[in-house]
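Asks: Take this structure first; my questions come after.
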Amino acid sequence: MQAHSEIKGHIIISAEIDAEFSRLQEELKPFRVVPFLVTDESFKIEHAKAVLKESYISESQTKYIVIGTQDFTDIAQNSLLKLFEEPPRHIEFIIITPTKSNLLPTVRSRLPILKVDTHSNIGELEINLARLDYKDVFLFLKEHARVKKEDAKVLVEALFFRATVTDRLILTPLQLDNFDKAYRLLNLNSRAQSVLAMLLMSFARER
């Protein structure tokens, strides 16, 4: 499933920056994961320059650059905009920060946002979205037939992580829109089963 443009990474909203990095490091094995974690001060221009330098080191396979901080300066974010928009070959970015209000709208527009509950099993779903068929959709919906609103949000997050990180899919514009729509629908108390079905059917194919 190909989109018109590749999305090279995402934003994780979580207060547990170190814990999220440890989870990512384990989840992304055997790929290289390079941390730029700044938790005792704002992420400044000197930190951004270090990210830029690391980004342009040639790689033969995917390298994940993880930027984690409690707060960003605007100048640091602006200096990385072009990099997020046109990342070098084999480079993907993951930003970890406690709130999306830390990020400029221009940064948020370049990378999709994933809200993470660090106590949930994000990324551990036993479902392969790259090879999903209608039978898999039916079984998943049956398994989660009584899912509550908050648990459904966690499932949406886990499905996004599974698609973009574990299964390494390039999401279509429709799929990306469905993930964004899923959160809104769940907040409006839409039926969780219907929301999950909408998401999964955009990945399913006949066999």
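Asks: Express the relative contact order of the chain as a whole percentage, based on alpha carbon pairs under 8 Å and six or more residues apart in sequence.
Replies: Values: 316 pairs, mean separation 54.1, N = 207.
Relative contact order of the chain: 26 percent.
Asks: With no solvent and one equal point scatterer per Cα, compute the Debye intensity ratio I(q)/I(0) for the stretch 54-103 at 0.15, 0.20, 0.32 Å⁻¹ and report its log10, rounded to two decimals.
Replies: Those come out to -0.44, -0.73, -1.30, one per q.
Asks: Using alpha-carbon pairs under 8 Å, 6+ residues apart, how would you state the relative contact order of the stretch 1-119 in percent?
Replies: Relative CO of the stretch 1-119 lands at 41 percent.
Asks: While we're here: Per DSSP helix of 4 or more residues, -39500 (n - 2.57); summed, then divided by the residues of the chain. What does that give at 222 nm, rounded to the nearest 500?
Replies: Rounded to the nearest 500, it is -12500 deg cm²/dmol.
Asks: On to the next question. Give the cross-link partners of LYS149 among the aspartates and glutamates, using a straight C-alpha distance below 15 Å as the criterion and excluding same-chain residues fewer than 8 apart.
Replies: Hits, sequence-local ones excluded: ASP117, GLU157.
Asks: Kindly give the semi-axes, whole Å and largest first, of the ellipsoid equivalent to the stretch 27-175, taking each as the square root of 5 times a Cα gyration tensor eigenvalue.
Replies: In descending order, the three semi-axes are 31, 18, 13 Å.
Asks: Which entries of LYS100/LYS142; LYS49/LYS100; LYS29/LYS49; LYS29/LYS142 show an alpha-carbon separation above 29 angstrom in the structure shown? Write out the running numbers ahead of the final one.
Replies: Details: LYS100/LYS142 34 Å; LYS49/LYS100 22 Å; LYS29/LYS49 26 Å; LYS29/LYS142 31 Å.
Among LYS100/LYS142; LYS49/LYS100; LYS29/LYS49; LYS29/LYS142, the Cα-Cα distance tops 29 Å for LYS100/LYS142; LYS29/LYS142.
Asks: Can I ask one more? Return the tail of the calculated pair distribution for the stretch 126-207, meaning the percent of Cα-Cα pairs more than 21 Å apart.
Replies: 20
Values quoted throughout were computed directly from the atomic coordinates according to the rules given, and no laboratory measurement underlies them. None of these values were measured; they are calculated from a predicted model.
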